[in-house]
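The values are calculated or read from the model by the stated rules, or taken from the named source; none is laboratory data. Since the model is a prediction, treat every value here as computed from it, not as a measurement. Ideal geometry is used to build each Cβ from the backbone, glycine not excepted, and the neighbour counts take in all protein chains shown. Please note that ligands, DNA and RNA were not included when accessible areas were found on the heavy atoms of the full protein model with its side chains. Shrake-Rupley method; radii C 1.70, N 1.55, O 1.52, S 1.80 Å.
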Amino acid sequence: QLQASGGGSVQAGGSLRLSCAASGSISRFVFMGWYRQAPGKLREFVATITSGDSLDYADSVKGRFTISRDNAKNTVYLQMNSLKPEDTAVYYCHARTGLPVLTNYWGQGTLVTVSS
């Protein structure tokens with residue numbers, strides 16, 4: 001359902017753009033966003049965009065990451081700038097449908113490694 005891509009290795013201060021391509025229209029999702037999981041840590045929220053284009057970010061990425069979507073391409077993006085070593089993690093794309101049946105979908109994850 002969700003295919004994440006765009007991860008890689010960069011130096012601190014660099015940029016990457018992650019993509020999350022959905023099979024089918026993303027208009028059916030109330031929320032789409034990104035989570036990440038660093039080695040030995042729990043998965044944490046990064047950013048989300050709603051069907052009404054409301055945005056939310058984790059405090060740790062505000063001002064550096066930007067989430068956006070392209071409905072025509074059924075894709076959500078995460079532009080990551082000013083990357084820090086602590087941003088190193090596997091990034092997972094997430095989507096949730098609305099009522100009457102709330103359903104969560106997860107992508108397979110894409111690894112981002114930031115070296116100092």
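Leaving out ligands and nucleic acids, and using a 1.4 Å probe, what accessible area per residue does the chain come to in Å²?
Heavy-atom SASA per residue in the chain reads 52 Å².
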When the convex hull of its Cα atoms is projected in every direction, mean area for the chain (nm²): 6.9 nm²
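What net charge is computed for the residues neighbouring GLN1, neighbours being all others with C-beta under 14 Å from the C-beta of GLN1, Lys and Arg scored +1, Asp and Glu -1?
+2
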For the range 20-116, with +1 on Lys and Arg beta carbons and -1 on Asp and Glu, the positive-most of PHE31, ALA89, ASN74 along the dipole: ASN74
Net charge over other residues, Cβ less than 12 angstrom from the Cβ of THR103 (K, R count +1; D, E count -1): +2
Relative contact order of the range 1-92, defined on C-alpha pairs under 8 angstrom at six or more residues apart (%): 35 percent
Debye, to nearest 20: dipole size of the chain, +1 on Lys, Arg Cβ, -1 on Asp, Glu Cβ: 120 debye
Highest to lowest packing among 72-83, 22-33, 3-14, scored as the average C-beta count within 10 Å: 72-83, 22-33, 3-14
Residues of the range 92-116 with amide N under 18 Å of a point placed 7 Å along Cα→Cβ from SER27: 96-100
Within-13-Å neighbourhood charge of ILE26 [Cβ basis; K, R +1; D, E -1]: +2
Calculated P(r) tail over 17 Å for the range 42-99, as whole % of Cα pairs: 40 percent
Accessible-area composition of the chain, carbon plus sulfur, in percent [1.4 Å probe]: 51 percent
Anchor LYS84: lysines whose Cα lies under 29 Å away (excluding residues fewer than 8 positions away in-chain): LYS41, LYS62
